[in-house]
Number of protein chains: 4
Amino acid sequence: MQLEHLPVGELAAGQPLTIPVYRFKGTSDAAPSVYIQANVHGAEVQGNAVILQLLQYFKAHPPLGDITLVPLANPLGINQKSGEFTLGRFDPITGINWNRAYLDQAVHLDDWYLLHGELPEPALFDAFRRLLIANCEQALANPWGVTTGQRLALNLQKLAHCADIVLDLHTGPKSCKHLYCPEYELSAAGYFHIPYTLVMPKGFGGAMDEAVFNPWWQLSDYANSRGRELKVAVSAFTLELGSQERIDLADASRDAEGILSYLSYREVIAQSIQPEVMSRFACMLKDYRKFHAPMAGMVEYLAEPGVPLAAGAPLVNMLRLDRVDAGTEVTKLSLNEDVIPVLHFASASVHQGTELYKVMTNYFTLSG
Amino acid sequence: MQLEHLPVGELAAGQPLTIPVYRFKGTSDAAPSVYIQANVHGAEVQGNAVILQLLQYFKAHPPLGDITLVPLANPLGINQKSGEFTLGRFDPITGINWNRAYLDQAVHLDDWYLLHGELPEPALFDAFRRLLIANCEQALANPWGVTTGQRLALNLQKLAHCADIVLDLHTGPKSCKHLYCPEYELSAAGYFHIPYTLVMPKGFGGAMDEAVFNPWWQLSDYANSRGRELKVAVSAFTLELGSQERIDLADASRDAEGILSYLSYREVIAQSIQPEVMSRFACMLKDYRKFHAPMAGMVEYLAEPGVPLAAGAPLVNMLRLDRVDAGTEVTKLSLNEDVIPVLHFASASVHQGTELYKVMTNYFTLSG
Amino acid sequence: MQLEHLPVGELAAGQPLTIPVYRFKGTSDAAPSVYIQANVHGAEVQGNAVILQLLQYFKAHPPLGDITLVPLANPLGINQKSGEFTLGRFDPITGINWNRAYLDQAVHLDDWYLLHGELPEPALFDAFRRLLIANCEQALANPWGVTTGQRLALNLQKLAHCADIVLDLHTGPKSCKHLYCPEYELSAAGYFHIPYTLVMPKGFGGAMDEAVFNPWWQLSDYANSRGRELKVAVSAFTLELGSQERIDLADASRDAEGILSYLSYREVIAQSIQPEVMSRFACMLKDYRKFHAPMAGMVEYLAEPGVPLAAGAPLVNMLRLDRVDAGTEVTKLSLNEDVIPVLHFASASVHQGTELYKVMTNYFTLSG
Amino acid sequence: MQLEHLPVGELAAGQPLTIPVYRFKGTSDAAPSVYIQANVHGAEVQGNAVILQLLQYFKAHPPLGDITLVPLANPLGINQKSGEFTLGRFDPITGINWNRAYLDQAVHLDDWYLLHGELPEPALFDAFRRLLIANCEQALANPWGVTTGQRLALNLQKLAHCADIVLDLHTGPKSCKHLYCPEYELSAAGYFHIPYTLVMPKGFGGAMDEAVFNPWWQLSDYANSRGRELKVAVSAFTLELGSQERIDLADASRDAEGILSYLSYREVIAQSIQPEVMSRFACMLKDYRKFHAPMAGMVEYLAEPGVPLAAGAPLVNMLRLDRVDAGTEVTKLSLNEDVIPVLHFASASVHQGTELYKVMTNYFTLSG
């Protein structure tokens, strides 16, 4: 195991910002390489505990493939306290979500494929990977500079593009575990110890997983359209490991085991680790809906994340203590269709319009 | 039941800030009057749910004494969101704790007692009460103005000084239920449904309960020193109803019942409501200690609020993911004496020096 | 003059959020109608002072066209204080810029034009305007709700779509006056009392001016492509009136006069008001560049907004008090091309990557 | 010149917080020693520029006395951005003012003087100084830990107690230059290049200057009461160097010269530097009054800091754009007595109760 402290920024008073990068050299050249990061959003700390478990595992069980583990991936976000909480979802200066600053590769495949399309797979993949990394380096070298968030994101993205498998460890606010999984690799969803999966289409919205899988997915489609069958060569997932502002070492062990189960299936590790048997459900990303508070008030959250909720069943009680004389002090809200609530807002009081819940609609069972 | 919307301030864009004040006229002139407020700290919302239960109770069971109920007592604090949380502990402009802006009455008892010391009890108490209220009004009329927090606090304090019994409903961050109770009235601690009590000495630190009981306590002491036996005529408590950012109507019923049990004992209500039987513990306020993080890191909170913790037993695991190479990635912290942890910090990552836990030391059992 | 208080939201503690809407009924049906709003970003207050001057003008000089004036357009943003400043650029909960929540109309012109393309101009414009307003209303009625920012933006956008001329009054951080002007109406830039203009292309990035002009510009292009010459029927501009956190009534008079000069030219008012003679410069929006701090430190801003800066001339001094022993305590930064600095960051200390300056490159003179 | 990086804390993600400490060894043992710090409040950066000038001076002109210079004294505060500003006045977690966490020495002089009162002056002073430093060290070693702010403050206070002259460099929000000067050393006010002085009484409110001079002042009083004439052996001042969020190297030179003028008078440096001739005014600290906004609104600040304002002269215009129909859109506020406005609030919109201005009342001329 090697540890490097990667510089990713500098604070006003002069302190360098660095992130720890742990590397294990794989014992087999044939095995896929892996990149795992955690805590890009400052309050979403549990991924660090999972990485801690993985570090201990790999120290005891040298992996076949190269492994890069990056906990505490956003020191500026982690250190940004506001009251008793961590204001780590967006840059406090610009408001930009720390997980939306990755580079949109936007490769001109017409030109690139013309030059490289005849290469054998390993050489083709290698050339494409080098292109993606070069694009990150070019962005970092912009003479007009890059934003604080871009500097961080581009440094992480460079590391991620080096790997065949990329896992980005997040959490929700008050949340059950769920997985963002690209549609082309839905079979992977059965290996992680996560019951709920959101199926992602091709496209780029700024997040790490998309930044990684999207160019490869486009390359695959392009080659297929030119008559060459080419799989999507790289895998990328976002794992949402429950609620934010929570460190639980025992639960981290369970999540580490799910990750190892996937890496076992992908032959990154020599040990055979079986996935946990559980019911798994999924919905398409477009069917993952946000419900915004139609009124302001104090909120009693009634629907538990991860427990299916029938149409019309109680979602929340909204309390309005300013309206007891009118007899409208409690409003029970529900939804008009069957859903699985995945997460809810962290605070128990909301302005009108606050995102109260995110729920899966039109969900279906994943075959085991 | 009457509802008044009391103006307590004005926002930059012109909106008035008001708080709802609910009043019940008691059926007996002899019964003590009661003032209960909730949510002076913006994230501490559960007291509103308790007041909701009390409102319903008093509507069904007209009280003997006058009752004033003030939920949502700090609209500016409640509405002050920062990320997914409520930054409602201190004024975001000045940093001043919303619960430290009450007026220090600092009555010159030498002068006042000379004029009023011979009055019979009711007249004496009435004159003193009028003085306290007049002091609040004078402070509000200061030609140099008062701060935003003082305007709020003085308006609440005026209401509170009108009552014989004052309850201020708060919560901790992640907390078990506990009570701040003045030493002269420790017997009251057995009526609320709260297992842990902090015994307060005479003195004024800025909080509502102290602002109310302190001048009466001083008056009682002064009279006693002049040879007249005078009880402390007014009761004031702060109830900490568990954790912040939580609304739970069922739990609010239990807390409302505890309050009614005390009011039953004080003959404010006609119904006989018995306190719940439970073990109750207490410590002196000076023995209620804060433990500050001796190092920074991710925190796994191991000690549960409300569960006694022996000296040397694990309090927290501190994770340092930047130090796995040195083998110092997990540090187990404990305390050197037997304590009852009462509350811990809300976030799972801390700077060095953050207040991790508040614990009772030298605690003792309260007789039932 | 009529005043309506338009509800645009509700705060957690129950307070309604309203914005004042002032209306003047024009004396002529032929004159264009006007919508002017200010203070969508909470710290950008000077537009309110300009609207105050316009209100007084229109009271004294009844306009030919209908006028709607909306100061204090974002009460939640205005009231959001953080320390001694107004954190009013983005929603403190979500991080979303208040000026990026307007509805992308995205009209399917193929379908719509088929049905309406033969109408005479007034009927065509009227039908299109009704469509845009209906789209806003439909978005507001979404059963899944809308965000706090969308509710505000959609209410404002409905008002704006009713007008022929839309002005959105903003400011920069530390800034000279500048104008965002759509390319199709660059001649208008000579009427406002603003020396610097950014020329906007067709497209939608989320801001009010784009939300208003973009569908009309698309309609015009579409009709032209179908062989019918159709001007862009609606005008929309963003005026940046100097620096934030500043109210200056005298300067507001000058800006009000510039606006009246444009309205005079458009025959919205009966009086003839001539534009101030001044040198006016412009650049294309793509040439309006951000310069990000290549290092952290204390900043002495040397280049004054509005004063052309030659390539290589001093832009800022970066101070690093932690490096005096190395002799690198002052770094002078400059740019590699001739620019006009338009604005700089508000704080004198920056993290690496902070947007230090926005500058016009490849700028050109606007003919008077 | 020696540079040490003093550790003062640790951030959640593991980064150490250090502050640069520059030391010059004096060439004469007889000369007083000096401690100067800057930027304890995060937005008050100009003192760093002054220290930069002093560093250059002392490199060129070795001082007679020992000099310790500490710029960037609060890295956590400096790095705490909120929007485009620095939220560096209070700990964002606790709300506690960074300049109120110094240790109240509260020496039991009865005991201490009994043991040391007969010592000759140098030995007496030396013993007392060792006691003050030992108290800081004991506080830092508290087994229950210290807060983040206390850790910083105690480390700075230890450095300060080593010196005979202590200068704490601050700024106001929008402010003219002013000096906090203890009453016993008012003659010093004529040496700094600062026209306005606030005369401080004995006592401790938590700030650095008080933490330093108060125990020595108490010692002097105590000795005098025991019949031994003892001067206050240590000098401490707070210099408010204009407005926050401003770096101006030229102005920093002027302030550095004022400091050198005082150090020349105190024979810390060999060069003779004369104070600038200017009118100087002062008032007692109790006459330094805060004026709180009696209403909310947009604020046009009319009274310029540092310019005397007659009773009744315009202080601010308060704008209320929500009240134009009622004709109460502009309210002119003034004060009832002659004052010198020293500083005003940084933002141009205020809630009711915001501290608008701080002004000197009952001011008097300091003789040159």
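Any read-out appearing in this document is the output of simple, stated calculations on the displayed coordinates, not a laboratory observation. Treat the numbers as computed from the prediction; the structure is a model and nothing was measured. Note: ideal-geometry Cβ built from the backbone for every residue, glycine included; neighbour counts use all protein chains shown.
Apply the Karplus curve 6.51 cos²θ - 1.76 cosθ + 1.60, θ = phi - 60°, to the phi angles in the stretch A:350-357 and return the couplings in whole Hz, x for Gly and Pro.
Calculated HN-Hα couplings, in order: 9, 6, 4, x, 4, 6, 7, 9 Hz.
Over the stretch A:285-368, with a single point scatterer placed on each C-alpha, what log10 of the ratio I(q)/I(0) does the Debye formula yield at q = 0.15 1/Å?
-0.54
Lys/Arg Cβ at +1, Asp/Glu Cβ at -1, dipole of the stretch C:2-278 taken about the Cα centre: which of C:ALA223, C:PRO201, C:LEU167 is farthest positive-ward?
Checked the options; the winner is C:LEU167.
Most fluctuating residue of D:PHE192, D:PHE291, D:PHE24 in a GNM of chain D with Cα springs under 10 Å: which is it?
D:PHE291
How far, in nm to one decimal, is C:ALA311 from itself in the other copies if the label point is set 7 angstrom along Cα toward Cβ? Shortest first, please.
Once sorted, the set of distances for C:ALA311 reads 6.5, 6.7, 7.6 nm.
Relative to the first principal axis of the alpha-carbon coordinates of chain A, what is the inclination of helix A:121-140, with its axis defined by its Cα atoms, in degrees from 0 to 90 and to the nearest 10?
The helix A:121-140 is inclined about 60 degrees to chain A.
Taking the Cβ-Cβ separation of B:MET295 and A:LEU249 as r and a Förster radius of 25 Å, what is the calculated FRET efficiency to the nearest 0.05?
Taking R0 as 25 Å, the efficiency between B:MET295 and A:LEU249 is 0.90.
Please list, ordered by chain and number, the residues whose modelled amide H lies under 5 Å from the amide H of D:SER334; skip anything fewer than 5 residues away on the same chain.
Correct list: D:LEU315.
Can you tell me which aspartates and glutamates have their Cα less than 16 Å from the Cα of A:LYS25? Leave out same-chain residues fewer than eight positions away.
Output for A:LYS25: A:GLU4, A:ASP66, A:ASP164, A:GLU267, B:ASP325.
B:LYS231: which lysines have alpha carbons under 19 Å from its alpha carbon, excluding same-chain residues fewer than 8 sequence positions away?
Those lysines meeting the cut-off are B:LYS202.
What angle, in degrees between 0 and 90 and rounded to the nearest 10, separates the Cα long axis of helix D:46-60 from the longest principal axis of the Cα atoms of chain D?
Here the helix axis deviates by roughly 40 degrees.
Who wins for biggest fluctuation among D:ILE273, D:ILE259, D:ILE340 in a Gaussian network model of chain D, springs between alpha carbons below 10 Å?
Sorting by GNM fluctuation, first place goes to D:ILE273.
Pop a pseudo-label 7 angstrom from the Cα along the beta-carbon direction at both C:ASP325 and B:ALA310 and give the gap in nm to one decimal.
Label at C:ASP325, label at B:ALA310, 5.0 nm between them.
Quick one: among B:GLY297, B:GLY14, B:GLY203, which has the greatest mean-square fluctuation in a GNM of chain B with alpha-carbon springs under 10 angstrom?
B:GLY14
Measuring from a point 7 Å out along Cα→Cβ, what nm distances, shortest first, does C:LYS231 have to its partners in the other copies?
Once sorted, the set of distances for C:LYS231 reads 6.2, 8.3, 8.6 nm.
Suppose every Lys and Arg Cβ carries +1 and every Asp and Glu Cβ carries -1, with no other charges. What dipole size does chain B come out with about its Cα centre, to the nearest 20 debye?
Computed about the Cα centre, the dipole is about 220 debye.
Select the chain D residue whose beta carbon lies nearest to the rotation axis carrying chain D onto chain A, and write the distance in whole Å.
Smallest Cβ distance to the axis, with its residue: D:GLN15, 3.
Name the residues whose placed amide hydrogens come within less than 5 Å of the amide hydrogen of B:SER349, ignoring near sequence neighbours (fewer than 5 apart) on the same chain.
B:VAL299
Would you mind working out the magnitude of the charge dipole of the protein assembly as shown relative to its Cα centre, with +1 at each Lys and Arg C-beta and -1 at each Asp and Glu C-beta, to the nearest 20 Debye?
Dipole about the Cα centre, nearest 20: 0 debye.
Nothing charged except the Cβ atoms of Lys and Arg (+1) and of Asp and Glu (-1): what's the magnitude of the dipole of the stretch A:13-152 about its Cα centre? Round to the nearest 20 debye.
620 debye
Where the label is 7 Å out from Cα toward Cβ, how close does A:THR328 come to the same position in every other copy, in nm, shortest first?
2.8, 6.0, 6.4
Return the long-range amide H neighbours of B:ASN97 (sequence gap of 5 or more, or a different chain), with a cut-off of under 5 Å between placed amide H atoms.
When sequence neighbours closer than 5 places are left aside, the close amide H contacts are B:ASP91.
So which lysines can A:LYS358 reach, going by Cα to Cα under 17 Å and dropping same-chain residues fewer than 8 places off?
A:LYS174, A:LYS177, A:LYS286, A:LYS290
Could you work out the Kirkwood radius for the stretch D:235-297, taking every pair of different alpha carbons, averaging 1/r and inverting it, reported in Å?
15.1 Å
For chain D, report the % of Cα-Cα distances exceeding 36 Å.
Result: 25 percent of Cα pairs exceed 36 Å.
Which whole-Hz couplings ³J(HN,Hα) result when phi for each residue of the stretch D:272-288 is put into the Karplus expression 6.51 cos²θ - 1.76 cosθ + 1.60, θ = phi - 60°, listed in order with x for Gly and Pro?
3J(HN,Hα) across the stretch D:272-288, in whole Hz: 9, 10, 8, x, 5, 7, 7, 6, 10, 10, 8, 8, 6, 4, 5, 9, 8.
Pull up the DSSP beta bridges for the protein assembly as shown and report the antiparallel fraction as a percent, rounded to 5.
Expressed as a percentage, antiparallel bridges in the protein assembly as shown total about 65.
Mind sorting C:GLU137, B:GLU267, A:GLU300 by how few other Cβ atoms lie within 10 Å of their own Cβ, fewest first? All intermediate terms of the calculation are to be shown ahead of the outcome.
Values: C:GLU137 10, B:GLU267 13, A:GLU300 22.
Neighbour counts put them in this order, fewest first: C:GLU137, B:GLU267, A:GLU300.
I want to check the label-to-label distance for B:VAL277 and C:ALA134. Put each point 7 Å from Cα in the C-beta direction and report it in nm to one decimal.
7.2 nm
Across peptide B:321-328, how many C-beta atoms of other chains are within 10 Å of each residue C-beta, on average?
Mean partner shielding for this stretch: 6.
How far apart, in nm, are the 7 Å Cα→Cβ label points at C:GLN56 and B:LYS59?
Placing both labels 7 Å beyond Cα along the Cβ direction yields 5.1 nm.
Would you please name the trypsin sites (Lys or Arg not before Pro) within the stretch A:215-267 that are DSSP coil residues with at most 14 other C-beta atoms within 10 Å of their C-beta?
A:ARG226, A:ARG228, A:LYS231
Quick check on the protein assembly as shown: what are the equivalent-ellipsoid semi-axes from the Cα gyration tensor, as sqrt(5λ), descending, whole Å?
Whole-Å semi-axes of the equivalent ellipsoid: 49, 41, 39.
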